[in-house]
Each structure stands twice: as C-alpha cells, then as structure tokens.
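Structure first, then comments.
The values are calculated or read from the model by the stated rules, or taken from the named source; none is laboratory data. It should be emphasised that the depicted structure is a prediction, and the values quoted were computed from it without experimental measurement. A quick note on method: Cβ atoms are made from the backbone with ideal geometry, for glycine too, and the neighbour counts reach across all protein chains shown. Keep in mind that these areas ignore ligands, DNA and RNA; they rest on the heavy atoms of the full protein, side chains included. Shrake-Rupley method; radii C 1.70, N 1.55, O 1.52, S 1.80 Å.
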Amino acid sequence: MAKHKKAANKGKKIAFFDTTLRDGEQAPGFSMSAEEKLMMAGALCDLGVDVIEAGFAAASPGDADAVRRIAAEIEGPTICSLSRATENDIKAAGKALEPAGKSRIHIFLGTSPIHRSAKLNMSTDEVLAAIHRSVSLAVSQCDEVEFSAEDAIRTEREFLVEALECAAKAGARVLNVPDTVGYTTPDEIYDLFRHLIATVRGTENAIFSAHCHDDLGLAVANSLAAVRAGAMQVEGAINGIGERAGNCALEEVMMVFATRKDIFNIDLDIDTTKIYAASRMLSKMTGNPVPRNKAIVGRNAFAHEAGIHQHGVLNDRRTYEIMTPEHIGLPGNALILGKHSGKHALAARAKELGFKIDDDRLAAVFVAFKAMADQFGEIADAQLIELISGVTGSASAVWRLTRVEMRAAYGAQAEPFARVELEHPDRGLVTDIATGEGPIHAAFNAVQHITGMSATVEELEINHVGAKGRTDCIADIVLRINGTRFAGRSRTRDVIPAGVEAYVDAINRAAAAQNRDAFGQEKASATTDDAKDAA
Ligand code: KIV
Ligand code: ZN
C-alpha cells in the first residue's frame, strides 16, 4: 500500500486526535477488520489529523494487528494505542507500535469517586501510585505518553489536579480530561480547563486535551469551549461515532475552525476537502448511513428545497450557505425539488434536463408540479421529465427509461441478465441486453452500452417510503464517471426500476455536465456548470 504523507505543520495550531478506530470502532455496530481500519487510517492521514488512535492493542490479537499495520503503513501522523494502567497492556501497546514513525501510548485510569469505588476498588493513593507506575513504564516504550483521567468531569477538582500533576511528573506529554459520560456543559468545561491549566504544576512540556462524549448533544460545543479555555488537542471521531451517543464529531470542529477564524483564530492544518471522502468511507465500511440532516456531512447539509432559499442560492449561494460544498470535497450543491420549491428552481432544473419552456408553459408546469409534490414530497428527475413532457408535449434532451426486464438467476450455471429500453429525443427507442453479477448490475451494463457512458457505482441506497396505503421506492445513486461523481435519484413503485432510473438520471447529469450529449457529440447549448450536481 502506498505510504500516506501528511503536510508539514506550520504555526500555532490545535492538534486533532482521531479516535474513529478506537472509541468509534468499539461502539456496537461499528466494528472494522484490520484491513478496513488500515484503509480508514489512510483517509484520516489524507485529511491531515495529527494523531490516529489505531486501536487498543491489548484488547484482542486483531486489534494489535491493526495497530501494528497502521503503524507500519501510515506515515506522518502519530500512531497511538490505548492501554489500561497495567504492565501487560502497556507492553502490548509498545510492541504493536514498534514500526511507527511517531508512537504514543494512551493510558487511562478512572479518577472519579464512582469509578474508584464501583469499578476499580482503589483508594486515591492507590490511583496516584498506579498513574505514576504506568506512565513511567510507558515512557520507556514509545515516543510520547498521553494520560486520561477517565470520568474527569465527575472527579473532585483537587484530586483531578493531583492526578494530572502525577501523570505530568511521570512524563506524560498530553493530559486528557475526558467527559466520559457526556455530562458537562460549555460553561462548566471552560471553567474547569481554565482552572486546570492555571493550577496543575509541572506542565511546561505538556498540553491539555479535551475528549467529549455526546450524551447530551453537547460534545462539539464542549470541545470548542475547552479550546477557548486553552486546550491544545481535541479528540473525536469522524461522523461523531463512539460509545453510546458518540464522540465529538471531528469534521464539525474542523469546519468551525475553518468557518469562524474570526472567533477561534486557529491555524488549520487540515485538508477539509477530504472530509466528505472520509465520512463516506466510514459510513460504507461500517454499514451505518450518515443521518440526512447531520451537520457538514449529511446529504441535506448543502441541499435546499424551500423556494425562497433556492431563489437566493441560484442568485448567490452565499445567501444560504456559510461554507461551500467544495470545502468538504462535495462538488456542487443540491437543489431538491419538492412542495416548498419555487418557479426559479423548477425552471433551472427543467433547463438542466434539456427542456426549453417559455413563461406561459412554465406556469402550467408549475401548477402540475405543485400538485405532484403535494402527493410525493420530493420529485425525482424522471418524474419531472414525465410531467413536463405531459404538460408541454415537448421532449427533454435526455435518456428516459421506458422498459426493463430481468432475470435474477442464482446458481453455478445461471447467468443473470437484463433487457433495458431507453428513449432519447434524437435516437428514439434503443434496446440492449446485458449480463452482470446480478440483475441490477446487468441492467446498469445495458444502460452503459446504450448511452456509451462508462460509470462505476459508488453508492446505491434504496428506501421504501410512503403512507396512506401507498409505498414507493426511492433510489439514490452516486456514479463515478471520468473521475467525477454524479448523483441520481428516482422514485417508483418497485425497487428494480427505481435503481435503474436513478442510474439513468446520473448518466444524464454527467452527459450534461460534460457539455456533450449522451453519444459524445458536442451540444449546441452548454449547461455544464448548472447541471453538475453530484452526491
Ligand atoms: O471516554 C473516555 O473516557 C475514553 C478514555 C479511554 C479516554 O474514551
Ligand atoms: Zn471516550
């Protein structure tokens, strides 16, 4: 595997400690194989995080293997392993980290009264002795040591100061103050960090770090408050995954720093254009879709449906966008057509689809469109094409799925195939029969043969939606065509036509964006930029 290099640091900055592969991965439903962890570590490295917590080496042979492989392959970020405050754990972490260019052992020990009594059965003196012993040993096993006072937020302040002082004295270079149970608030954590930074002695060579959980939905806000109070490292995970409600979503903190430099003045050494790729990789790998309305990486984060918003964005996207989709590596914004949409957005989409409609006919289409949107909510392109053609009698300049038949064969001798018929205003009806790994794959192959567009499916999501006795299938697809991603969407009564229609939709968008029709001929009128609407 190619080595991933991280750009050299510059200026004063906040360190990003990514624990997607440890705290994130240990949450139910998010486990990854060593191979998958390695791929994800590559994406984190491309993003530019400072520390990758690759796992918990003593937890299992698989985790030790993942830590070792990441330490061997990923060049640039510090590679870290979690460890309890025991000799066995520390030695296992040190061994797994041997190949790393820069290694860190992350020791944690509960310090709060409830952890001391109910979990550890240790007195405060015993906790201090264990901290001193374990950090001192870890210092000899790696390049740097981080100490976490687990459940710091519910620890008595005086004892927390003592515990962190003890860790610093034993050689810890990072003093982590976790809100293990997601209990704190921005004001409280700000005050705590101010107090610790002013009070803990012997920290000239150490930094303070925040590790917040999201049980009350405050992980990002609390992490930012800690940074304002002087924390120099933020811990978190991509998509905010982690124990229970998750960790602080690192991509959100990154974009806060990128967008509100006026408040935080952080010199961001992160390639934010890699955020979307890292987020999608994680979601695909673990099979956990990102909620549609999730900040920064949700599908709606840059989508607009309300007419007033769409009108504003069409005139100047800054009216309703504080950051651009390109900032996170998402090419183009998405205007969603639904019952809240206005005439401007409808006209823009009709133009993208190749219709030339005058104002009178647009008014008639708009009335029919609103009626359809009341029934279906969001309107997919294929539905819109049918509607406009029906109302105006004119044809769009794009391909339309008119028929699909397939055989879902299974077994050694059986070969799935699909017969697809598409219609184009210039080429009329064209049919192709193709085979594939499965019937949908065969249908996609047939569409490729007909349109001459070669595409790779990057994402395909089909959901059943509906109420009042009617259910439909909504298919969302993302194709990679000549290195660019194009999204397609469809809504039909059944899974199969939904998937194929969404595929055709994305092909049409790619053809329009490439300023040529679907046969590769130059188009008379270009709509290149308008039509590009990926993912
Ligand atoms: O939440 C927590 O306290 C942790 C520690 C291991 C840092 O994940
Ligand atoms: Zn945690």
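Miscellaneous remarks
- Condition met for residue 358 (free of Cβ contacts under 8 Å to residues at least 24 places away in the same chain and among the acidic types (Asp, Glu)): yes
- Residue satisfying condition, being within 16 Å of ligand 2 (Cβ to nearest atom), in the same structural domain as residue 110 (by TED's automatic domain parsing) and modelled with pLDDT of 95 or more, within set 193, 147: 147
- Only one of 345, 397, 334 that is modelled with pLDDT under 80 and within 29 Å of the chain's Cα centre (by Cα): 334
- In summary, helices (runs of 4 or more DSSP H) completely within the stretch 227-318 and bearing 3 or more residues that are of a type outside the set (Phe, Trp, Tyr) and in the same structural domain as residue 206 (by TED's automatic domain parsing) occur at 250-259, 261-264, 275-286.
- Residue within the stretch 132-152 that is open to solvent by 30 Å² or more (accessible area, probe 1.4 Å) and aromatic (Phe, Trp, Tyr) present: no
- Evaluation of residue 212 against (1) farther than 21 Å from residue 90 by Cα; (2) in contact with a Gly (Cβ under 6 Å, 6 or more places away or on another chain); (3) of a type outside the set (Lys, Arg) (one fails), failing number: (2)
- Selected residue (criterion: farthest from ligand 2 (Cβ to nearest atom)) from residues of the stretch 151-186 that are part of a loop (DSSP other than H, G, I, E, B) and within 17 Å of residue 120 (Cβ to Cβ): 156
- Filter pass, residue 139 being farther than 30 Å from residue 329 by Cβ, touching a Gly at 6+ places or on another chain (Cβ under 8 Å), among the aliphatic types (A, V, I, L, M) and at pLDDT 95 or above: yes
- Every test in (1) touching a Lys or Arg at 6+ places or on another chain (Cβ under 8 Å); (2) free of Cβ contacts under 8 Å to residues at least 24 places away in the same chain is passed by residue 116 save one, and that test is (1).
- Residues satisfying the stated conditions in the stretch 275-286, i.e. open to solvent by 50 Å² or more (accessible area, probe 1.4 Å) and over 15 Å from residue 21 (Cα atoms): 277
- Considering the stretch 221-255, the residues that are without any contact (Cβ under 8 Å) to a residue 60 or more places away in the chain and hydrophobic (A, V, I, L, M, F, W, C) include one that is nearest to residue 288 (Cα to Cα), namely 249.
- Odd one out for residue 267 among (1) open to solvent by less than 30 Å² (accessible area, probe 1.4 Å); (2) within 20 Å of residue 328 (Cα to Cα); (3) not β-branched (Val, Ile, Thr): (1)
- Taking the numbered list (1) open to solvent by 20 Å² or more (accessible area, probe 1.4 Å); (2) farther than 13 Å from residue 20 by Cα in turn, residue 39 passes all entries but (2).
Listed here are the residues, each with its yes/no results for (1) assigned to a strand (DSSP E or B); (2) open to solvent by less than 40 Å² (accessible area, probe 1.4 Å); (3) farther than 29 Å from residue 292 by Cα.
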position	(1), (2), (3)
418	yes, yes, yes
423	yes, no, yes
454	no, no, no
504	no, yes, no
508	no, yes, no
511	no, yes, no
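- Condition met for residue 101 (more than 16 Å from ligand 1 (Cβ to nearest atom), surrounded by fewer than 24 Cβ atoms within 10 Å (Cβ to Cβ) and on the phi > 0 side of the Ramachandran plot): no
- Across the stretch 307-330, the number of residues qualifying as surrounded by fewer than 19 Cβ atoms within 10 Å (Cβ to Cβ), free of Cβ contacts under 8 Å to residues at least 60 places away in the same chain and closer than 20 Å to residue 487 by Cβ comes to 6.
- Count of the stretch 76-114 residues, restricted to those that are within 16 Å of ligand 2 (Cβ to nearest atom), within 27 Å of the chain's Cα centre (by Cα) and of a type in the set (S, T, N, Q), is 1.
- Scanning the stretch 197-216 for residues that are of a type in the set (A, V, I, L, M, F, W, C), within 16 Å of ligand 2 (Cβ to nearest atom) and surrounded by fewer than 20 Cβ atoms within 10 Å (Cβ to Cβ) yields one hit, 216.
- For the stretch 513-531, a residue qualifies if it is at pLDDT below 50 and either hydrophobic (A, V, I, L, M, F, W, C) or surrounded by 19 or more Cβ atoms within 10 Å (Cβ to Cβ) (or both), and the qualifying residues are 517, 518, 519, 524, 526, 531.
- Residue check, residue 190 within 16 Å of ligand 1 (Cβ to nearest atom) and open to solvent by 50 Å² or more (accessible area, probe 1.4 Å): no
- A single entry from 87, 53 fulfils the requirement of being more than 13 Å from ligand 1 (Cβ to nearest atom), modelled with pLDDT of 95 or more and of a type in the set (D, E, K, R): 87.
- Positions within the stretch 217-239 being open to solvent by 10 Å² or more (accessible area, probe 1.4 Å) and closer than 26 Å to residue 31 by Cβ, in sequence order: 217, 220, 239
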